[in-house]
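Chemist: Sharing a structure here in structure tokens format.
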Amino acid sequence: MTTLGEPAAALAEPVERVGRGWTSALSLANGAIWVGWYGPLQILLASQAKDFAPGSGMSKETMLAWVTGVGAVVSLAANPVFGALSDRTTSRWGRRTPWIVAGTAGGALSLLLLAGAAGMGTMMLGWCLVQLTLNAAFAAVTAAVPDRVPRLQRGSVGGWLGAAQILGVVGGTGLATAAGGIGAGYVACAVFTALGVLPYVLRHPDLRLAAEDRPPWSWRGFLAGFWLSPRRHPDLGWAWLTRFLINLSNALVLLYLLYYLRDRLHYADPDQGVLILTAVNGLTLMATVVVGGVWSDRVGRRKPFVIWSGMLMAVATALLAVWQTWPGAIVAAAVLGVGFGVFTSVDFALMTDVLPKALDRGKDLGVINVANALPQVAAPALAAPIVTYLGGYRALYLVSAAIGLAGAWLVRRIRGVD
């Protein structure tokens with residue numbers, strides 16, 4: 001009988017349910033990576049842009065858009081590339097673990113570089129390195145799920161990963177706010193990111209790929225593998241487009257949240273306001289993310305959950321456009337959390353259900369995860385001109401709501417998943 005430590009198990013379809021210890025450790029590793037991303041994205045990068053913008057010839061909004069946009073381009077390429085490299089890794093420590101360790105170590109060092117940034121150039125370099133390295137770790141963490149989790153458990157595991165994700169967002173925001181300064185915020189996020197992956201990599205051996213199962217190397221074959229034809233894999237194509245649109249809607253909401261509170265709502269302490277809204281969003285998300293995944297597993301259906309959660313998120317986004325007050329922002333954050341909680345767990349399970357083959361799980365999930373990174377590129381390009389020239393924050397959030405509705409509706413085009 002093949003065991004988890006044997007190379008042949010790496011390409012088998014998992015049938016044994018994973019335990020709570022494995023799920024908890026992988027979720028902690030996932031949350032640690034999100035701390036490394038969202039401490040900077042929610043607070044620290046915006047604060048640095050505010051400090052560096054005077055005398056640079058650009059506004060703080062434009063500087064932040066450039067830094068986050070270029071970093072997202074790096075993320076766009078890094079996730080599928082590192083996913084493909086982990087697919088081909090025949091290390092004695094497995095396919096995924098070496099990339100989790102190297103990625104989080106590199107991410108922590110890159111966050112320390114950001115802590116000492118003295119201008120836009122260093123800030124952009126540091127953020128690009130954060131995106132490069134943490135995406136190496138993230139690609140490996142997400143690929144571990146289809147490697148080890150049977151299909152009818154992926155909704156619940158996806159729910160716990162989603163819960164860890166939002167705790168990472170809240171934790172990163174909290175660390176960045178409570179640390180007492182920009183540099184200290186980066187150091188706190190770096191330490192947590194590095195330590196958070198240790199329980200998984202130390203306690204749970206990874207699946208090993210046999211050298212004879214690794215396909216022959218060629219640059220042409222490696223690069224060609226990143227194109228997943230929507231004609232050959234239509235379900236994967238529609239699932240990717242759904243994720244892209246809903247994540248683009250969410251990115252448009254988050255990008256200028258600090259500036260929305262400061263410049264539109266005139267909230268007295270916008271940094272604290274972002275933390276409060278993130279916490280409210282996190283609480284309601286936590287209330288639905290695991291429940292949604294478990295419910296989806298039990299009824300054996302995915303699409304209705306994704307459709308209704310996407311529609312609820314669009315309603316929450318529209319509230320920011322039509323009810324521009326601090327209470328309105330709190331209600332919108334709460335409703336958005338309910339919808340995004342269900343979407344996070346069930347959409348992840350749906351994505352793993354439409355993967356073409358076991359040998360390319362990391363690469364294919366990396367291509368799918370482009371739908372997470374690409375909105376970070378598109379959001380600044382869309383948001384800056386809308387806020388500046390085309391109607392301000394009201395127009396921005398109405399556009400965001402329309403994009404989210406389109407994503408929810410297109411889930412209906414997926415045929416191979418109930």
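The values are calculated or read from the model by the stated rules, or taken from the named source; none is laboratory data. Everything numeric in this text was worked out from a predicted model, so none of it was measured. Glycine also receives a Cβ, built like all others from the backbone with ideal geometry; neighbour counts cover every protein chain displayed. Accessible surface areas use protein heavy atoms only, side chains included; no ligands, DNA or RNA. Shrake-Rupley method; radii C 1.70, N 1.55, O 1.52, S 1.80 Å.
Chemist: Between R413 and W323, 0.36 nm times their residue separation minus their Cα-Cα distance comes to what? All intermediate terms of the calculation are to be shown ahead of the outcome.
Modeler: Values: separation 90, 0.36 × 90 = 32.40 nm, distance 3.31 nm.
The span from R413 to W323 would gain 29.1 nm if fully extended.
Chemist: If you don't mind, another one. Translational diffusion coefficient, Stokes-Einstein: compute it for the range 234-279 using the Kirkwood radius over C-alpha pairs as Rh, at 4 °C and 1.567 mPa s, and state it as an integer in µm² s⁻¹. Present the calculation step by step, with values, prior to reporting the outcome.
Modeler: Working: Rh = 12.2 Å.
Here the translational diffusion coefficient equals 106 µm²/s.
Chemist: With everything on Cα atoms, drop me the angle between helix 182-196 and the longest principal axis of the chain, reported from 0 to 90° to the nearest 10.
Modeler: Result, in degrees: 20.
Chemist: Using a 1.4 Å probe, what is the accessible area per residue for the range 248-348, in Å²?
Modeler: On the way: 3740 Å² over 101 residues.
In whole numbers, the range 248-348 has 37 Å² accessible per residue.
Chemist: Just to be sure I understand: with springs between alpha-carbon atoms less than 10 Å apart, which residue in P356, P80, P215 has the highest mean-square fluctuation in the Gaussian network model of the chain?
Modeler: Comparing P356, P80, P215 in a Gaussian network model of the chain, the most mobile one is P215.
Chemist: Test of the criteria: in the range 84-153, which trypsin sites (Lys or Arg not before Pro) are in a DSSP loop and have at most 12 other Cβ atoms within 10 angstrom of their Cβ?
Modeler: Details: sites: R88, R92, R95, R96, R148, R151; in loops: R88, R92, R95, R96.
Here the trypsin sites (Lys or Arg not before Pro) that fit, given the DSSP loop and packing criteria, are R92.
Chemist: Hey, if you drop one equal point scatterer on each alpha-carbon of the range 173-214 and run the Debye formula without solvent, what base-10 log of I(q)/I(0) do you get at q = 0.15 Å⁻¹?
Modeler: -0.54
Chemist: In the range 333-364, which trypsin sites (Lys or Arg not before Pro) fall in coil by DSSP and have 12 or fewer other Cβ atoms within 10 Å? Display every interim value, and only then the final one.
Modeler: Working: sites: K357, R361, K363; in loops: K357.
Answer in residue order: K357.
Chemist: How much of the calculated P(r) for the range 46-204 lies past 26 Å, in percent of all Cα pairs?
Modeler: Percentage above 26 Å: 32.
Chemist: Explain nothing, just the number: relative contact order of the chain, from Cα pairs under 8 Å at least 6 residues apart, as a whole percent.
Modeler: Numbers: 810 pairs, mean separation 112.2, N = 418.
So the answer I get is 27 percent.
Chemist: Could you state the number of Å between the C-alpha centres of the range 359-407 and the range 171-193?
Modeler: The distance from the Cα centre of the range 171-193 to that of the range 359-407 comes to 26 Å.
Chemist: Checking a compactness column here: for the range 352-412, what do you get for Rg(Cα) / (2.2 N^0.38 Å), N being the number of residues?
Modeler: On the way: Rg = 15.8 Å, N = 61, 2.2 N^0.38 = 10.5 Å.
Against the compact-globule rule of thumb, the ratio is 1.51.
Chemist: Taking R0 as 56 Å, what FRET efficiency do you get between L198 and V315 from their Cβ-Cβ distance, rounded to the nearest 0.05?
Modeler: Numbers: r = 40 Å, r/R0 = 0.72.
Working from the Cβ atoms, E equals 0.90.
Chemist: Report the far tail of the P(r) of the chain, meaning the percent of Cα-Cα pairs longer than 39 Å.
Modeler: On the way: 11652 of 87153 pairs.
Distances greater than 39 Å cover 13 percent of the Cα pairs.
Chemist: Another question, if that's okay. If you scale each eigenvalue of the Cα gyration tensor by 5 and take the root, what three semi-axes come out for the range 82-175, rounded to whole angstrom and sorted largest first? Please report the intermediate quantities before stating the final value.
Modeler: Working: eigenvalues 154, 69, 16 Å².
Here the semi-axes work out to 28, 19, 9 Å.
Chemist: Ok, one more. Taking a ≥ b ≥ c as the square roots of the Cα gyration tensor eigenvalues, with a/c under 1.5 meaning rounded and otherwise prolate when a/b beats b/c, else oblate, which class fits the range 71-116?
Modeler: Details: a/c = 5.12, a/b = 1.51, b/c = 3.40.
In terms of gyration-tensor shape, oblate.
Chemist: Can you give the Rg/Rh ratio of the range 274-381, where Rg is from the C-alpha atoms and Rh is the Kirkwood radius?
Modeler: Values: Rg = 15.6 Å, Rh = 15.1 Å.
We get a ratio of 1.03 for the range 274-381.
Chemist: Is it possible to state the helix-based mean residue ellipticity at 222 nm for the chain, with each DSSP H run of 4+ residues giving -39500 (n - 2.57), the sum divided by total residues, to the nearest 500 deg cm²/dmol? What is it? Show your work: numbers first, answer last.
Modeler: On the way: 15 runs with 304 residues, N = 418.
Mean residue ellipticity at 222 nm (helix-derived): -25000 deg cm²/dmol.
Chemist: To the nearest 20 debye, what charge dipole does the chain have about its Cα centre, counting +1 at the Cβ of each Lys and Arg and -1 at the Cβ of each Asp and Glu?
Modeler: Values: 31 positive and 20 negative charges, 154 e Å.
Dipole magnitude for the chain comes out near 740 debye.
Chemist: A follow-up question, please. Between 0 and 90 degrees, rounded to the nearest ten: what's the tilt of helix 20-39 against the longest Cα principal axis of the chain?
Modeler: 30
Chemist: May I ask you to list the chymotrypsin sites (Phe, Trp or Tyr not before Pro) in the range 345-396 that are in a DSSP loop and have at most 10 other Cβ atoms within 10 Å of their Cβ?
Modeler: Working: sites: F348, Y389, Y393; in loops: none.
Passing sites in the range 345-396 do not exist.
Chemist: Then there's this: Output the 0 to 90 degree angle, nearest 10, between the alpha-carbon long axis of helix 234-255 and the longest principal axis computed from the alpha carbons of the chain.
Modeler: It works out to around 30 degrees.
Chemist: Choose one of T177, A268, G196: the residue whose Cα lies farthest towards the positive end of the charge dipole of the chain (beta-carbon charges +1 Lys, Arg; -1 Asp, Glu; about the Cα centre).
Modeler: The one lying farthest along the dipole's positive direction is G196.
Chemist: Which whole number in µm²/s is D for the range 167-280 by Stokes-Einstein, with the Kirkwood Rh taken over Cα pairs at 25 °C and 0.890 mPa s? It would help to have the intermediate numbers written out before the result.
Modeler: Working: Rh = 18.9 Å.
Calculated translational D: 130 µm²/s.
Chemist: If a/c stays under 1.5 just call it rounded; otherwise compare a/b with b/c (prolate if a/b is bigger, oblate if not). Do that for the range 220-315, with a ≥ b ≥ c from the square roots of the Cα gyration tensor eigenvalues. Write out the running numbers ahead of the final one.
Modeler: Values: a/c = 2.86, a/b = 1.57, b/c = 1.83.
It is oblate, given that a/c is not under 1.5 and a/b is not larger than b/c.
Chemist: Starting from the Cα coordinates of the range 9-119, work out the convex hull volume and express it per residue in Å³.
Modeler: On the way: hull volume 14.1 nm³, N = 111.
It comes to 127 Å³ per residue, whole-number rounded.
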